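Working notes for the structure below.
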Amino acid sequence: MDIKKLIRKNILNLKPYSCARTEFKGEASVFLDANENPYENGYNRYPDPFQTEVKRKLSKVKGVYENQIFIGNGSDEAIDLLYRIFCDPRIDNVIAPTPTYGMYQVCAEINDVEYRQINLNRDFTLNSEAILNAIDNNTKIIFICSPNNPTGNLLDITEILNILNNFNGIVVIDEAYIDFAEQDSMLKSLSCYPNMVILQTFSKAWAQASVRVGMAFASTEIIAYFNKVKYPYNINILAQKHIMEILDNEADMIRQVALLKEERKNLENELKNIPGVLNIYPSDANFILIKTNDANKTYDELVKKGIVVRNRNSITLCQGCLRITVGTPDENIITINAIKEVL
């Protein structure tokens, strides 16, 4: 696949901003090239614009090459960059199943790109043929969130591969919740699909939501365009140092994920015994989607008790649904008892 044919012409011709930290590479004792305050305090210098040390360590954890990694200010930065790299405003379009993560549509609207929604099946499974039938000559990107948000389920890998094998544009697999699933990440297939971009995050399993660091994995060619378009110093030094420390504690992440998966199972079992819970949808994420007779009323009553869940009642195919994040054992017990009282 010739990725250049998918890139916006202005991006192909773009001369990226050249900062002081990209023009000089090597050892020196005096740095007078970036108009920094020279008095050292640990933060007076600009950070590495390409997060070299973070990528070096992350590549070992994820089993990919360093030049296949983009580090973003949350996954949302990568999503926005995909639009800016590939989609001409008011000309191109993207496709995504619905319901799914809302930022795909928000970024489309910000970038003035048509956003085409294809309903998931009633059981929230993916209909790849419906998506492929919606493609035209101006379709540049297809977004697939798996495990999906807000439904929680993994999407069928066969359906995903059908899209990857039959679409000559960019296919984005958002794996924000993959650590909570039994299925492996698609990272192992990265080299097989030059048009695939995989998104992951430190916000969920790694428990670093406030740090705002996300990851995109793709071919070296696509990653080069990410680096060409991104802001020069998109990840500050505090975040870079913190993520370096977190990556040294992968065992803690694995332990917490195991606990959350066990609590997810306990939460599902308790919810099954509540008559007012009409349906509990299968989850491969760190949350559960349930269906009630009146989601708005249930949500309001839970808020009165000091418990905040996510009301998804207004979302396509999610009428009557609430999304409940898996909490600590104590939080889950409190929530279950409150739901019993409300329903």
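The values are calculated or read from the model by the stated rules, or taken from the named source; none is laboratory data. All of these numbers come straight from a predicted model, not from anything done at the bench. Positions of Cβ are generated from backbone atoms using ideal geometry, with glycine treated the same way; all protein chains shown enter the neighbour counts.
The figures follow:
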| item | result |
| --- | --- |
| Test: residue in segment 191-201 that is part of a loop (DSSP other than H, G, I, E, B) and within 28 Å of LYS15 (Cβ to Cβ) | yes |
| Those residues of segment 304-336 which are touching an Asp or Glu at 6+ places or on another chain (Cβ under 8 Å) and either surrounded by 15 or more Cβ atoms within 10 Å (Cβ to Cβ) or closer than 19 Å to TYR177 by Cβ (or both), in sequence order | GLY320, VAL326, GLY327, THR328, ASN332, ILE336 |
| Residue match in segment 268-281 (condition: part of a helix (DSSP H, G or I), in contact with a helix residue (DSSP H, G or I) (Cβ under 6 Å, 6 or more places away or on another chain) and either surrounded by 18 or more Cβ atoms within 10 Å (Cβ to Cβ) or not assigned by TED's automatic domain parsing to the domain that holds LEU190 (or both)) | yes |
| Filtered residues of segment 300-318 (kept if in a loop (DSSP other than H, G, I, E, B) and among the hydrophobic types (A, V, I, L, M, F, W, C)) | ILE307, VAL308, VAL309, ILE315, LEU317, CYS318 |
| Boolean, ASN44 is farther than 17 Å from VAL172 by Cα, assigned by TED's automatic domain parsing to the domain that holds PHE24 and polar (S, T, N, Q) | yes |
| So ILE135, is it out of contact with any Ser or Thr (no Cβ under 7 Å at 6 or more places or on another chain), aliphatic (A, V, I, L, M), free of Cβ contacts under 8 Å to residues at least 60 places away in the same chain and surrounded by fewer than 14 Cβ atoms within 10 Å (Cβ to Cβ) | no |
| Boolean, PHE70 is at pLDDT below 95 and either assigned by TED's automatic domain parsing to the domain that holds ILE222 or closer than 14 Å to VAL229 by Cβ (or both) | no |
| Residue tally, condition in contact with a Cys (Cβ under 7 Å, 6 or more places away or on another chain) and either over 18 Å from PRO275 (Cβ atoms) or among the aromatic types (Phe, Trp, Tyr) (or both), over segment 291-343 | 2 |
| Subset of segment 1-44 (residues that are among the aliphatic types (A, V, I, L, M), in a loop (DSSP other than H, G, I, E, B) and more than 28 Å from the chain's Cα centre (by Cα)) | ALA28, VAL30, LEU32, ALA34 |
| Single match in VAL94, VAL106 (criterion: modelled with pLDDT of 95 or more and in contact with a Lys or Arg (Cβ under 8 Å, 6 or more places away or on another chain)) | VAL94 |
| Counted residues, segment 206-243 - those being over 19 Å from SER59 (Cα atoms) and either assigned to a strand (DSSP E or B) or touching a Cys at 6+ places or on another chain (Cβ under 6 Å) (or both) | 1 |
| Residues located in segment 196-239, provided they are in contact (Cβ under 8 Å) with a residue 60 or more places away in the chain and closer than 20 Å to ASP284 by Cβ | LEU199, GLN200, THR201, SER203, LYS204, ALA205, GLY214, MET215, PHE217 |
| Filter result for LEU14 (surrounded by 16 or more Cβ atoms within 10 Å (Cβ to Cβ), at pLDDT 95 or above and either of a type in the set (Phe, Trp, Tyr) or closer than 30 Å to TYR193 by Cα (or both)) | no |
